[in-house]
Structure formats: C-alpha cells, structure tokens
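Q: The following block contains the structure, expressed as structure tokens.
The values are calculated or read from the model by the stated rules, or taken from the named source; none is laboratory data. Note that the structure is predicted; figures quoted are calculated from it, not measured. No Cβ is skipped: glycine too gets one built from the backbone with ideal geometry, and neighbour counts run over all protein chains shown.
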Amino acid sequence: MLNKVIHPHSFNFDYPVSQIVDTFSKGIDKGWMSKRAAMFDDVKTDLKPEKGKTLVHLISTGSGETYGSNNNADYFNKCAYEWEFPHPERGMTKKAMLDGGLEKYHNTFMKRGYVYKHHENNKDPKFASGMIKCEAYNPKMERGELIVALDNDKWTDELEKMSKEEPVYWSIGCCVPTDGCSVCGHRRKTKSESCSHVRDNLLQMTKEGHQVFALNDTPLFHDISGVFRPADKIAFALRTLDKAASEKTVVSSIDLAEAEGFYLPTSYTDRYVLGRSFDRLTTLKKLASMEEEIEKATDESPIGMMKEAFCIGSGFDEIDPRTITKLAMNIEDSLGGMSKASVALPPETFFKVALGNRYGEVEAHMPSVRTKMPVLFREILASSDLDEFITDGTYDGKPCLLRNIKEEISKLAESHSLAPEAVRRRLTMSSLNGTGPRPSGAPLQKTASGKADILAREYGKYLLSFVKDKGEDIQKLSCVMKVS
Ligand SMILES: [Zn+2]
C-alpha cells in the first residue's frame, strides 16, 4: 500500500480550487450552482445551510487524460481502459487494462468523509472541522469535485480568503494498493519496489517523448485537509508571541511546532517533495562551521573576496518589485524553482516573497533580524529546540513546473544566483563599481527582539531547505547572509 498526499492546486486548473457556495437562508443559489458545480444538480435541494457552517465547492483531482499528471508526477485516469506502455518491462505485455480510476473510486471520499485543518490529524474524526457532503466525478470538466461543510469558527481566515477569491490550499490523503509506471508498466506496492523510471526520472521525457509518471488507477481517498502556507505560518508564529506576551507566558518554538501542525513536517516534504530524505543535521553543522570561517576570514582571503560578489555595487539583490509579487503568488513553486536554479534570497527579499502583501507586518524587525545573522546557525545548533528546526520543511518548496514562475526566476540568475559564472560576473561588477555595505534602513528596534528571533529562525529554515543538494554553495550562502 502506498500513501500519497495530493495537492489539488498541483493540477494547474484554470479555476480557484475552492469557492464558497452561494446560499440564501432557504437554500442554495441555483444560478451559482449550475455555473460552478453543475454536477450536483440532483442534490442541491438537500443541501441546506447549517448554522455555524459554510458550504464550499472544491475541485479535488483532474483526470490525467485532460490535465496530465500533477506536479508531483501522479496521474489519475478517468476510467478503465487499455494503457499502452512504450517500454514494457520484461514479462509485461505491451498493453494492460487500468482499473476504473476517478469514475470508479472518487466516491471513496465518502467512506470517511471528514475535512481536517491539518493533514497531521487526519486519522481521528474528533479533530475534524468539516464534513464532506457530496462528491462527484464531473465528466464534462474531467475532474473530481466535492461539496464540503466547514465549521465557521475553525476556518475564519480561509473563508475570508475564499470570499475575496484568494487561493486557499488543500491537501488530499490518498492511498493506492499499487501504482504503475507509465513507461514500463512496473507495479509497486512500496516505494522500495520502484522501477528506475519512477525512482530517478519522474516527470522527465523518454527519448520518444513519453513522460514518466505514476498511474494511480485505484485511488482510495480518505480525507481532505487545509494546508498552511509560509505566510500563514510566519504570521501565526508572531501572533502566538503576542499572545504569550499579553498572558505573560513564555512560548518556545517547540510550542509553536506543537500548535497543531503549523508547519510542514520534513517527514512529509522529504517524501513527497524531494522524493528522498535529506540529512538536515549534517548540513546545519556545515553551515554553523562556515559561520566561524567567515568570522575569521580576512578581506584578502578567498572567502573575503567572495563576499564582494554579494556587496552593493555587485548587482546582488537588485530585484524588480513586480518579480517579487509574481513569485509570492505561487510560493511553493517559487521556492522549489529558486532552489533548483541556485537563486538565493537575502532576508528582506525572502520575507517579501514569503509574506507577499503582508511584508509590512515584519518590515520594522528586519534590521534586528540582520544582527542575528552572524551567529544564527551556531545558536540554533546549541538551542534546546533544535528538533523543531530540523523537522520543519515549510520552505522546501516543490518542483516548479509553472512557466511564468520559471521565467521570473530566470530573470534573477544574474542578480541572485550562486552559480560560479554569475558570482564571477558580480565580482567583476563590484571591482568596477566599488563596494560598500548596504544601508541599514530603519533604526534598530530593541523591543522587538522576540519577533526578530522568530523571523531569523524562519529565515534559517529557508536557507537549510535551499541548500539541500548543493553542499559546495554553503560558503557562498553564508556570504548572502553576512554581507548583503
Ligand atoms: Zn518503469
């Protein structure tokens, strides 16, 4: 049995994934219903608004035949038919029947039928904060759809976002007894049984132009949960600190992590985003020891010279505000794409991208965050809540397949990339223009140190996720923190 997590937004639908169902006091607005959710025509008289609850229409999955596989290489066939494998594995026939796919299995949503606030608690209905009212596979739009009733008091922020047509993110728990490789047809029951296509080449094309993905023809859907985004997480962390201050209690970051999964655990991101595990502790130790080296380095040493590529005059961190806006709109794709392209962001720019139009809430703390940078990783390594730091994968991002985001990221290659040629060009620029430290901006706010600690720590988590597969860039990354 394979357990999978599916993000509806990873199908690149042209519609918002979730929308509030327009209701009158007596029932559903039928005009709205037939436009957005025609599939539910026959049930709409049964759907009455309940006190304290809001009905939401959700698009769960897209059929692979229309939408392709999602960004995580999961393909959901719409019905049973014969699939032709371009390179069948030894002993396999060229063609094989797929099981019934979405048409047959989308109704498994109703078996448990609960909506959760976090995918962590998805086993126990007592943590549910909503119910799945009905489900359908929509053959015209070729997608699975749900109508859920959410508890207003537990979903206040998300309902407000939906009412303004802002995106709210979801995650679906799904298990499949086996999945199949699209290229060779190999079936696996566990991850360790993967064929080399699925293990090493997901989403890549074979020479003949066949894409590698996993065929999920027997999906058993067991729950749907809201997912927190980096902006929500940072805002939540700061709010918790305010609350603790007003109640005169101390909040550790362990408390934060325990506050009902307000982060994406690495057990989730490693498996579903990276497809493998990543030794975060070893990397954190490397970053900490690099801090010491930077501290000792003279201006003439190789590290000292490297810093010049990140100083003012080098062109580092010159960024168009429109690019920031675009990156902020698809934060997970942006983080994954930037990491892949070796595009690293200094603290201010990172928070602008992570928080979008809420950056103003933290701007005043940025100078204090800067002062934490020289010893950040050493302090984290010595802290009692190291585990929380290591197991938080919120900023891992996901493989970026959005063309507009890739374009924005490619514009940042000159100004933000750690790639050797970009660093070399910026070194030349700084030697032509002369270098200097960056203006410090707003004066230091001493009173806000608790918030600056939390923000610096979040930035540290971002850097740790960023550096996951580029050990040789740790030195440069330290320059990003120290100089800019
Ligand atoms: Zn294969």
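Q: Are any residues in the stretch 435-468 part of a loop (DSSP other than H, G, I, E, B) and at pLDDT 70 or above, and if so, which ones? Full working, then the answer.
A: Within the stretch 435-468, the subset part of a loop (DSSP other than H, G, I, E, B) is 435, 437-445, 467-468.
The answer is VAL467, LYS468.
Q: Related question: Among (1) modelled with pLDDT under 85; (2) within 15 Å of the ligand (Cβ to nearest atom); (3) surrounded by 18 or more Cβ atoms within 10 Å (Cβ to Cβ), there is one condition TYR169 misses while meeting the rest; what is its number?
A: Going through the list (1) modelled with pLDDT under 85; (2) within 15 Å of the ligand (Cβ to nearest atom); (3) surrounded by 18 or more Cβ atoms within 10 Å (Cβ to Cβ), TYR169 breaks only (2).
Q: Same structure again: When residues of the stretch 194-243 are filtered for being under 29 Å from ASN107 (Cβ atoms), more than 14 Å from the ligand (Cβ to nearest atom), β-branched (Val, Ile, Thr) and not in a strand (DSSP E or B), how many remain?
A: Looking only at that region, the number is 2.
Q: Restricting attention to the stretch 183-214, which residues are polar (S, T, N, Q) and touching a strand residue (DSSP E or B) at 6+ places or on another chain (Cβ under 6 Å)?
A: Filtering the stretch 183-214 down to residues polar (S, T, N, Q) leaves 190, 192, 194, 196, 201, 204, 206, 211.
Passing the criteria: SER194, GLN211.
Q: Next question. Within the stretch 181-193, track down each residue that is on the phi < 0 side of the Ramachandran plot and either part of a helix (DSSP H, G or I) or within 8 Å of the ligand (Cβ to nearest atom) (or both). Write out each step before concluding.
A: Of the residues in the stretch 181-193, the ones on the phi < 0 side of the Ramachandran plot are 181-184, 186-193.
CYS181, SER182, VAL183, CYS184, HIS186, LYS191, SER192, GLU193, listed by residue number.
Q: Among residues belonging to the stretch 107-128 that are modelled with pLDDT of 85 or more and within 19 Å of GLU145 (Cα to Cα), point out the one that is surrounded by the most Cβ atoms within 10 Å (Cβ to Cβ). Even if it seems obvious, please write down each step before you answer.
A: Of the stretch 107-128, the ones modelled with pLDDT of 85 or more are 107-111, 114-116, 128.
Next, only the ones that are within 19 Å of GLU145 (Cα to Cα) stay: 107-111, 114-116.
Working: ASN107: 15, THR108: 17, PHE109: 28, MET110: 13, LYS111: 11, TYR114: 20, VAL115: 25, TYR116: 23.
Top of the filtered list is PHE109.
Q: For the stretch 193-246, name all the residues that are of a type in the set (Asp, Glu) and free of Cβ contacts under 8 Å to residues at least 60 places away in the same chain. Full working, then the answer.
A: If we filter the stretch 193-246 for residues that are of a type in the set (Asp, Glu), which is where we start, we get 193, 200, 208, 217, 223, 232, 242.
Those that are of a type in the set (Asp, Glu) and free of Cβ contacts under 8 Å to residues at least 60 places away in the same chain: GLU193, ASP200, ASP242.
Q: Can you spot a residue in the stretch 300-318 that is under 30 Å from ASN404 (Cβ atoms), in a loop (DSSP other than H, G, I, E, B), out of contact with any strand residue (DSSP E or B) (no Cβ under 7 Å at 6 or more places or on another chain) and among the acidic types (Asp, Glu)? Write out each step before concluding.
A: Residues of the stretch 300-318 that are under 30 Å from ASN404 (Cβ atoms), as a first pass: 309-310, 312, 314-318.
Pick out the ones that are also in a loop (DSSP other than H, G, I, E, B) and you get 314-318.
Now restrict to residues that are out of contact with any strand residue (DSSP E or B) (no Cβ under 7 Å at 6 or more places or on another chain): 314-318.
Among the residues that remain, those that are also among the acidic types (Asp, Glu) are: 317-318.
Taking every residue of the stretch 300-318 in turn, at least one turns out to be under 30 Å from ASN404 (Cβ atoms), in a loop (DSSP other than H, G, I, E, B), out of contact with any strand residue (DSSP E or B) (no Cβ under 7 Å at 6 or more places or on another chain) and among the acidic types (Asp, Glu).
Q: Let me ask another. LEU220 fails exactly one of the following numbered conditions: (1) surrounded by fewer than 23 Cβ atoms within 10 Å (Cβ to Cβ); (2) within 20 Å of LEU102 (Cβ to Cβ); (3) in contact with a Leu (Cβ under 7 Å, 6 or more places away or on another chain). What is the number of that condition?
A: (3)
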